[in-house]
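Notes for the one structure printed next.
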2 protein chains.
Amino acid sequence: MRAVVMHEPGDVRVEDRPDPRIEEPTDAIIAVTAACVCGSDLWPYRGAESVHDQVMGHEYVGVVEEVGPEVSTIKGGDFVVGSFWASDGTCEICRSGYEAYCVHRVPMGAIGTQAQRARIPLADGTLVATPAMPDEDLLPSLLTASDVLGTGWFAAVAAEAGPGKTVAVVGDGAVGLMGILAARRLGADRVIACSRHEDRQALAREFGATDIVTERGDDAVVRIKELTDGLGAHSTIEAVGTQESMMQAIGATRPGGHVGFVGVSHDVAIPGGPLFMAGVHLHGGPAPVRRFLPELIDLIWNREIDPGRVFDLQLPLEDAAEGYRAMDERRAIKALLWP
Amino acid sequence: MRAVVMHEPGDVRVEDRPDPRIEEPTDAIIAVTAACVCGSDLWPYRGAESVHDQVMGHEYVGVVEEVGPEVSTIKGGDFVVGSFWASDGTCEICRSGYEAYCVHRVPMGAIGTQAQRARIPLADGTLVATPAMPDEDLLPSLLTASDVLGTGWFAAVAAEAGPGKTVAVVGDGAVGLMGILAARRLGADRVIACSRHEDRQALAREFGATDIVTERGDDAVVRIKELTDGLGAHSTIEAVGTQESMMQAIGATRPGGHVGFVGVSHDVAIPGGPLFMAGVHLHGGPAPVRRFLPELIDLIWNREIDPGRVFDLQLPLEDAAEGYRAMDERRAIKALLWP
């Protein structure tokens, strides 16, 4: 089969790799219908994380080709959406809604879903089948549920976005944009998007942003406080992962408010003093996307949300390198790959 | 009147100071019945915070002597308990239960309650009157509600201690011990106290600890995980304020669990990577004690809890220096001062 491999930072190629096979009785093999490039794939691409001959990709939708003898809820021919963490769905951590921390979790990024086929461990726990084969136009939105929408949704839930709340969103990448959609869908009265790019501002408004802040860092904190009677947002979504974005999120949130952070942390150190005096709630990390999949699939299936709009570039899998380049150069928000 | 003044680190004296007077129409003047030394007073005492000719003390119970013309809910002769932050009780932040961040807040530590009298700003918002004059034996417990019990209680609430939960408590000082009492009172099944001092272990057990861990730091994390099926505590109270204690608290908590931190942060920097991967909720800071005062006074009044046991040293105000010394040398957990 054909699969994306990152040989070194900046060096992405599509190559022949062995077809996956059932390794554990709880595995499934899927034919990948659509995959995509994640903002987090750019960290190794840019050399901020080490990488060497690594298969890539952890977001996926596809059709089940084969299941192991212990798989009972998923069968051949099912169209499935899965999380970027494989999880058993039965351990105490999974049952508490934190499937991304399942005691038996497997990172799909280590398996690679930017490929024609993929092995999905713990298929019963990991995969959710759609009610039927989806219409073609639903595929991008269903794909978002696998990570970027699920992650934005988790951030909004972690930030306790809801009715009566003003939500600030730090980061105008794909996850931030999904956070805007999630916050509005969860009932937030007002969503303040931080963005200085006109195309992303437009998409932010389409997803439900009511205010745009173009400042960054401390200046953005001042601006967000001006917009919220000097108090700060009730809820803030952090979707970048840098020191500046994390401190901006904490600073923009009122005492007793909630920060949901999902930007993968790089060289962040939160000073204890300012955190202590901020009085905010802080929750985040790798999103337990699996918790939200049934609800998100339902919203997409019924065409109540259209998160697939976040893909502003669609390419054949063979052109994956261009997808990485376009995202790296910020020519594209998010690139979908058709195997 | 007589009042405690810290001239320099380690130099605590009791001196004559002018009697307080009504400065704002929302003020009250109280005769302090009992005050005490806080663990946080030891930071400047030890030179970890700068201090120069500073009046001391922020915990207090007393009898109202005089009120300003705009005070309506408190009257002369009332026995009152107040928070260590004065708060108006009417702003949006107060109404959300975060009175320690009131937009008009005044730190009682800047006024000093280790004294015979004290001015209480924003008396209507800050003070809660007891149903009648309390019996003498209730005074220590009522005094704890002003900060140390209220802070431990907030930590337990922030950590979401409750039925079905295992709660770990990092720190065996007065706040940690109050956190144990609070966690049990809030219904926690199991409370793991971290302590290596026999006298504090005994008090921890008296307040409801079910397990004692004598290890510290990473070793304590390993031990707490052993006690919790390898998963970590559901809830962890951090009541120290050092890098080691904060990382111990985060490390000892399971994914999706809650850390309530109330130790005043000193030179703490939480690394973003480990925090991201921990998947915990983090909430803390100066406790909004005022939120809990009616409930805590009620529990004490009805003799359902006896938090005053945390005072293992009681001295006349004139001997305040000995109270500081005893706590600094860990000869006392917490010193009560009778003006």
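The values are calculated or read from the model by the stated rules, or taken from the named source; none is laboratory data. Note that the structure is predicted; figures quoted are calculated from it, not measured. Neighbour counts are summed over all protein chains in view; Cβ atoms, including those assigned to glycine, are modelled from backbone coordinates with ideal geometry. The accessibility values were calculated without ligands, DNA or RNA, using every heavy atom of the protein model including side chains. Shrake-Rupley method; radii C 1.70, N 1.55, O 1.52, S 1.80 Å.
Given R₀ = 45 Å, FRET efficiency for A:His52-B:Arg330 by Cβ-Cβ distance, to 0.05? The partial results should precede the final answer.
On the way: r = 52 Å, r/R0 = 1.16.
Efficiency for this residue pair is about 0.30.
Backbone amide hydrogens, once placed in the peptide plane, bring B:Gly256 within less than 5 Å of B:Val280, B:His281, excluding anything fewer than 5 places away on its chain. Here the relative contact order of chain B, from alpha carbon pairs under 8 Å that lie six or more residues apart, stands at 19 percent. Surface calculation, 1.4 Å probe, protein heavy atoms: B:Val32 sits at approximately 10 Å² accessible. With both residues required to sit in chain B, DSSP beta bridges show an antiparallel share near 55%. Once C-alpha pairs closer than 8 Å and six or more residues apart are averaged by separation and normalised to the residue number of the range A:5-66, the relative contact order reads 49 percent. Helix B:174-185 axis versus longest C-alpha principal axis of chain B: approximately 70°, rounded to the nearest ten. Round to the nearest 10 and give me the degree value, 0 to 90, for the angle of helix B:289-301's Cα axis relative to the longest principal axis of chain B. Result, in degrees: 90. The mean number of Cβ atoms from other chains found within 10 Å of a Cβ in peptide A:252-261 is 4, as a whole number.
Straight-line cross-link partners of A:Lys165 among the aspartates and glutamates, defined as a Cα under 15 Å from its Cα and at least 8 positions apart when in the same chain: A:Asp189, A:Asp211, A:Asp229, B:Glu92.
Find the centroid of the Cα atoms in the range B:33-101 and in the range A:1-80, then give the distance between the two in whole Å. Computed from Cα coordinates, the inter-centre distance equals 59 Å. Decide, for the range B:152-284, between rounded, prolate and oblate: order the square roots of the alpha carbon gyration tensor eigenvalues as a ≥ b ≥ c, take rounded if a/c falls under 1.5, and otherwise choose prolate if a/b is larger than b/c, else oblate. The shape class here is rounded. Applying both filters, DSSP loop and at most 16 other Cβ atoms within 10 Å, to the GluC sites (Glu not before Pro) of the range A:259-339 gives A:Glu304, A:Glu329.
Give me the net charge of B:Ala145's neighbourhood, meaning all other residues with Cβ under 11 Å from the Cβ of B:Ala145; Lys, Arg count +1, Asp, Glu -1.
Numbers: positive: B:Arg290; negative: B:Glu59, B:Asp147, B:Glu295, B:Asp298.
That works out to -3.
Look at where the Cα atoms of the range B:167-223 and of the range A:165-239 average out, and the two centres are 41 Å apart. Rounded to the nearest 500, the 222 nm mean residue ellipticity of the protein assembly as shown from helices alone is -8000 deg cm²/dmol, with -39,500 (n - 2.57) taken per DSSP H run of at least 4 residues.
The portion of the accessible surface of the protein assembly as shown made up by carbon and sulfur, rounded to a whole percent, is 47 (1.4 Å probe; DNA, RNA and ligands excluded). Kirkwood radius and radius of gyration were both taken over the C-alpha atoms of the protein assembly as shown, and their ratio Rg/Rh is 1.04.
Note down the relative contact order for the range A:203-339 as a percent, whole number, built from C-alpha pairs under 8 angstrom at least six residues apart.
Working: 188 pairs, mean separation 20.9, N = 137.
Once normalised by length, the contact order is 15 percent.
For the range A:194-301, which trypsin sites (Lys or Arg not before Pro) are both in a DSSP coil and crowded by at most 13 other Cβ atoms within 10 Å? Provide the component values of the computation, followed by the final result.
Working: sites: A:Arg196, A:Arg200, A:Arg205, A:Arg216, A:Arg223, A:Lys225, A:Arg290, A:Arg291; in loops: A:Arg196, A:Arg216.
Counting only loop positions with at most 13 other Cβ atoms within 10 Å, the trypsin sites (Lys or Arg not before Pro) in the range A:194-301 are A:Arg196.
In this assembly of identical copies, the label point of A:Arg13 (Cα plus 7 Å along Cα-to-Cβ) is separated from its counterparts by 8.0 nm, sorted shortest first. Applying the Karplus relation 6.51 cos²θ - 1.76 cosθ + 1.60 with θ = phi - 60° to the range A:223-233 yields 3J(HN,Hα) values of 5, 5, 5, 4, 7, 10, 6, x, 8, x, 5 Hz, where x marks Gly and Pro.
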